[in-house]
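Novice: Take this structure, written in structure tokens, and hold onto it; I'll ask about it next.
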Amino acid sequence: MVRDMRLSTYFLPVLKETPNEAQILSHRLMLRAGMVRQASAGIYSWLPMGLKVLRKIEAIVREEQDRAGAQELLMPTIQSAELWQESGRYDAYGPEMLRIRDRHDREMLFGPTNEEQITDIFRGLAKSYRDVPKILYHIQWKFRDEIRPRFGVMRGREFLMKDSYSFDITADDARKAYYKMFVAYLRTFARLGLKAIPMRADTGPIGGDLSHEFIILAETGESQVFCHKSFLEMDPLSLAADYDGDLKPVFDAWTHNYAATEEMHDPAQEAALGDDLVTARGIEVGHIFYFGTKYSKPMGATVTGPDGQPIPLEMGSYGIGVSRLVGAIIEACHDDAGIIWPESVAPFKVGLVNLKSGDAATDGMCETLYGQLRAAGVDVLYDDRDERAGSKFATMDLIGLPYQLVVGPKGLKEGMIEVKTRATGNRETLTPEAAVHLLTA
RNA sequence: CGGGGUGUAGCUCAGCCUGGUAGAGCGUCGGCUUUGGGAGCCGAAAGUCGUAGGUUCGAAUCCUAUCACCCCGACCA
């Protein structure tokens, strides 16, 4: 834990007014809460509190990938054009790819994704059918030179993405890898405090039925989505995910009901659902594909089979927009006063509000509580500034920490302090001991 | 890339039409008073008016070019 988290010294440049550059809500709140600063169109610097949230999301994504048996590595942001020429995508990608020349005039690019890179790694180092199955992933910055970046970090040009790649020798095994990632995604988004619904996605020229977008529901979502209402009741964390077992039943349970994005929807099926149909706005936060030998064949990625013959690798790729999730979570979790962080990704669990900085009694009590909570491993942001109460409350509501621990002279006279739950607005008057107990439980 | 819009103090904006050498609120800094939901008073610092040309005695203001950013569309984790 960082040594000291006092607002008097923490770099949290909150804005009272909304900068003109931001239109969408999450973008406004991120700027106002001092989380990011735009560097140029679609490119952002992450300020301390924004980075803290980004890291928390990243950690959850990583834990769930690891749990599913994926192994983390790290590939570079800058790639050689040669690999992309091999797969045929160097020309296909178009101006969305940021192309760079190094001092020797060699063609390079800032990676928009890493299929070629991972295929190159795997073909060079994995030689036998015994080297599969494998799922490899990394969490790395990508660049896509979008025609029109917008919505703040939700559609930036530079973005942090988790991308996994699976390697198998049969389509059947590849499907098992797909199920693992499918389940890992359900768990990941649920842990992030989101209701994510897998929806059939367009597989493009590759064909097949194995591609899903994970869409979270938010009123300000970018696209229209349709699904059976049963999805709203399903809880991914309640199911036991045995990654060594058969995950097909889980996959089936989550895919047999109707769910579709605007591009894929089917009015006939929707009409048949009747009252069970939910129409909502959604934000795509993950996308998984099975694409077979699309890259392994042109790039010559094979392993030697039991019979001594080369087998082209069956592959899939699985993406999560990590930086996009920061904005997406805010879109799904906010009110008029500001952000309401799910506890799992909150930059701090508790905001300690000293209502009368400079008063011996409140200062003393705050120091005591601050020390006790930190000793118990609770992430606390202590507002020790010499500001008025109203301003402190407004700041706390804006930055959306799950709990506000309010210490003022009035309450202290009675030996009491207050705990406010940001999500519900509920306030409880408690003794300091009870409050600490509540927040460390 | 097509269409629309905006660039003036850290932020939100006024001033531009009708040219005369830059303002307000918030924030910041100092002081006093306040102290349970973005307080009040006094004082201060802070802007090559996006940039470059042009017109003019004189340009934030008029003209031209250019850059940046935002919105709608096509495209996307």
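Read the figures in this text as sums done on the coordinates, not as results from a lab. Everything numeric here is computed off the predicted structure, so don't read it as measured data. Methodologically, a virtual Cβ is constructed for each residue, glycine included, from the backbone with ideal geometry; neighbour enumeration extends over all protein chains shown.
Novice: Using only the alpha carbon atoms of the range A:201-330, find the Kirkwood hydrodynamic radius as the inverse mean reciprocal pair distance, in angstroms to one decimal.
Specialist: One decimal place: 17.2 Å for the Kirkwood radius.
Novice: Still on this structure, please answer the following. For the ranges A:357-367, A:100-110, A:319-329, A:290-300, what's the packing order if you count other beta-carbon atoms within 10 Å of each residue, average per peptide, and put the highest first?
Specialist: Working: A:357-367: 15.5, A:100-110: 11.9, A:319-329: 26.4, A:290-300: 19.5.
Packing order, densest peptide first, comes out as A:319-329, A:290-300, A:357-367, A:100-110.
Novice: Now for a different question. Would you pull out the residues with amide H under 5 Å of A:Lys134's amide H, same chain only if 5 or more places away, H placed 1.01 Å from N?
Specialist: It is A:Phe167, by chain and number.
Novice: Report Rg (one decimal) and Dmax (nearest whole number) for chain A, counting Cα atoms only, units Å.
Specialist: 24.4, 83
Novice: Report, in listed order, any pair from A:Lys56/A:Lys420; A:Lys56/A:Lys134; A:Lys52/A:Lys229 with a Cα-Cα distance greater than 30 Å.
Specialist: Working: A:Lys56/A:Lys420 23 Å; A:Lys56/A:Lys134 26 Å; A:Lys52/A:Lys229 34 Å.
From the list (A:Lys56/A:Lys420; A:Lys56/A:Lys134; A:Lys52/A:Lys229), the Cα-Cα distance tops 30 Å for A:Lys52/A:Lys229.
Novice: Mean-square fluctuation check for chain A, GNM, Cα pairs under 10 Å: which of A:Met264, A:Met199, A:Met315 is largest?
Specialist: Comparing A:Met264, A:Met199, A:Met315 in a Gaussian network model of chain A, the most mobile one is A:Met264.
Novice: Hey, another quick one. Run down the lysines and flag those whose C-alpha is under 27 Å from the C-alpha of A:Lys127, throwing out any fewer than 8 positions away in its chain.
Specialist: A:Lys162, A:Lys176, A:Lys180, A:Lys294, A:Lys297
Novice: Connecting C-alpha atoms closer than 10 Å in a GNM of chain A, tell me which of A:Arg130, A:Arg55, A:Arg200 has the biggest fluctuation.
Specialist: Highest fluctuation of the listed residues: A:Arg130.
Novice: I'd like the Karplus ³J(HN,Hα) series for the range A:172-184: coefficients 6.51, -1.76, 1.60, θ = phi - 60°, whole numbers in Hz, and an x wherever there's a Gly or Pro.
Specialist: Running phi through 6.51 cos²θ - 1.76 cosθ + 1.60 with θ = phi - 60° gives 5, 5, 4, 5, 5, 4, 4, 4, 4, 5, 4, 5, 4 Hz.
Novice: Name the shape class, rounded, prolate or oblate, that the alpha-carbon gyration tensor gives for the range A:1-97, where a ≥ b ≥ c are the square roots of its eigenvalues, rounded holds for a/c under 1.5, and otherwise prolate holds if a/b is larger than b/c and oblate otherwise. Please list the in-between numbers first.
Specialist: Details: a/c = 2.79, a/b = 1.47, b/c = 1.89.
Oblate is the answer for the range A:1-97, as a/c is 1.5 or above yet b/c matches or exceeds a/b.
Novice: If you scale each eigenvalue of the Cα gyration tensor by 5 and take the root, what three semi-axes come out for the range A:350-440, rounded to whole angstrom and sorted largest first?
Specialist: So the equivalent ellipsoid measures 16, 16, 13 Å along its semi-axes.
Novice: Suppose only helical runs count, i.e. DSSP H with n ≥ 4. What mean residue ellipticity at 222 nm does that imply for chain A under -39500 (n - 2.57) per run, divided by all residues and rounded to the nearest 500 deg cm²/dmol?
Specialist: Working: 13 runs with 138 residues, N = 441.
Taking each H run of at least 4 residues, the total per residue is -9500 deg cm²/dmol.
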